[in-house]
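Working notes, structure below.
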Amino acid sequence: MSAIGASIGFFFTSISALVTMKRDQDGTPRLKIMATLGAIFATIFVILQLVPIPGLSGVHFCKESYLMLVVWIVIGIVFFLKQRKYFWAN
């Protein structure tokens, strides 16, 4: 579960870097390439963990991990719905 969280965090960090560079009209081509590659690799790692691929045993989640992922998502949605007025207030 921590690996999927790290992959999602790295994905959002890479996408945030791309959005910030576009908004501020800043950033070198090398930095843009690195941020794009970071988002691509993070997506690949999430897919490898969530989608069972024949021949890659031990890479994807077991049933209990999928259950905990659903619980984690539900808790996140509940937290977001309870706090959303603070997100858009500023």
Next item on the list: With just the Cα atoms of the chain, tell me how far they stretch along each of the three principal axes, in Å, largest first.
Entry: 45, 38, 15
Item checked: Relative contact order [Cα under 8 Å, 6+ residues apart], the chain, whole percent -> 28 percent
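Kyte-Doolittle mean at least 1.0 and Cα extent at least 27 Å along the axis: which DSSP H helices of the chain qualify?
Details: long enough: 2-24 (32 Å, 0.87); 29-50 (32 Å, 1.59); 63-87 (35 Å, 0.96).
Qualifying helices, which must be both long enough and hydrophobic enough, are 29-50.
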Notebook entry, point to check: Of the residues I75, I44, I15, which exhibits the maximal mean-square fluctuation in a Gaussian network model of the chain defined by a 10 Å Cα contact cut-off?
Noted result: I75
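Values in this text are rule-based calculations from the coordinates and carry no lab data. Fair warning: this is a prediction, and the values are worked out from it, not measured in the lab.
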